[in-house]
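Report on the following structure.
The values are calculated or read from the model by the stated rules, or taken from the named source; none is laboratory data. In this text, all values refer to a predicted model and were calculated from it rather than measured experimentally. No Cβ is skipped: glycine too gets one built from the backbone with ideal geometry, and neighbour counts run over all protein chains shown. Heavy atoms of the whole protein, side chains included, go into the accessibility calculation; ligands, DNA and RNA do not. Shrake-Rupley method; radii C 1.70, N 1.55, O 1.52, S 1.80 Å.
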Amino acid sequence: MNIYRLSALSDNYIFLLHDEATQTAAVVDPAEARPVLQKLTDLGAVLTAIFNTHHHSDHVGGNRQLLAQFPDATVYGSAADRGRIPGQQVSLNEGDTVEFAGREAQVFFVPGHTRGHIAYYFPPTEAAQTGELFCGDTLFAGGCGRLFEGTPAQMVDSLTKLRQLPDQTRIWCAHEYTLKNLKFALSVDGQNAALQQRYQQVAIARQQQQPTVPSLLGTEKQTNPFLRWDGAALQTAANSSDPVQTFARIRGMKDRF
Ligand code: ZN
Ligand code: FE
């Protein structure tokens with residue numbers, strides 16, 4: 001399974017999964033159809049699946065047009081998003097699995113950004129040694145999604161599920177927000193040497209217009225304030241010893257940053 005990262009809209013990423021053996025492809029969160037159709041043409045591949053993480057238009061905006069071109073493709077989304085995802089055929093819940101290219105992805109229910117948000121996790125296999133997590137707008141490189149429909153407690157639960165995956169898991173998040181996220185991170189966790197170093201690397205990468213996605217979960221655990229609500233530095237910054245309250249206060253500061 002090859003993974004291609006396609007840029008869309010102003011700062012979205014669409015991920016195209018390609019199975020060379022069968023010349024089929026799947027797409028995660030097609031914000032728009034155009035870059036996906038272009039890549040499918042370049043590869044000579046047929047689209048068989050659309051995996052949506054949540055109902056926002058910058059994640060499902062291309063569904064209809066892709067279905068028009070590939071009417072046999074299956075559209076997957078959260079059971080809780082039924083009626084909000086164009087063309088949705090399959091309703092997924094926590095613990096369900098989906099298949100592509102001979103690999104099986106586990107579905108995690110990760111509400112918080114929206115009340116129906118899900119993530120798709122392909123565990124490592126003998127042939128493919130890294131796990132791949134498609135987490136939409138739940139976990140970002142250096143940050144997390146805004147709480148539009150969920151509570152801080154829900155988001156902490158959701159991020160706790162993702163934080164338990166192996167450090168080598170690649171984090172395929174749906175936006176290029178990393179530099180801004182890390183600027184904020186430094187404002188609440190400024191003594192963190194790993195964070196300082198990451199900020200420098202990301203600043204250089206962005207100057208050169210290089211993408212910063214995917215990142216590794218191990219890096220996120222060391223540097224992302226929204227995975228560090230139970231650590232001393234963030235609890236001091238939030239003036240709280242309660243993990244959920246720490247998360248909520250840090251998230252509130254980011255909203256106003
Ligand atoms: Zn969203
Ligand atoms: Fe989004």
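In table form, for the structure just shown:
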item	result
Compactness index (Cα Rg / 2.2 N^0.38 Å), segment 53-198	1.11
Relative packing of peptides 8-14, 223-229, 187-193, 173-179 - highest average C-beta neighbours within 10 Å first	223-229, 173-179, 8-14, 187-193
Pair ASP167, LYS183: separation of 7 Å Cα→Cβ label points (nm)	3.0 nm
Cα long-axis angle, helix 178-188 against the chain (0 to 90 degrees, to the nearest 10)	20 degrees
Accessible area of the chain divided out per residue, in Å², using a probe of 1.4 angstrom	43 Å²
From phi via Karplus (6.51, -1.76, 1.60), per-residue ³J(HN,Hα) for segment 79-95 in Hz, x at Gly/Pro	4, 6, 9, 3, x, 10, 10, x, x, 4, 10, 10, 9, 9, 10, 3, x
Sequence-distant residues sharing a close amide H with THR24 (under 5 Å, placed H)	ASP19, VAL46
Alpha-carbon centroid distance for the pair segment 8-41 / segment 166-213, whole angstrom	24 Å
Spin-label pair ALA21/VAL90, simplified geometry with 7 Å Cα→Cβ offset, distance in nm	1.7 nm
Virtual spin-label span in nm between GLN201 and ASP230, 7 Å along Cα→Cβ	2.5 nm
Principal axis dimensions, largest first and in whole angstrom, of the chain by Cα	53, 38, 36
Of all accessible heavy-atom area on the chain, the percent that carbon and sulfur account for (1.4 Å)	46 percent
Acute angle (nearest 10 degrees) that the helix 243-256 long axis makes with the longest principal axis of the chain, alpha-carbon atoms	80 degrees
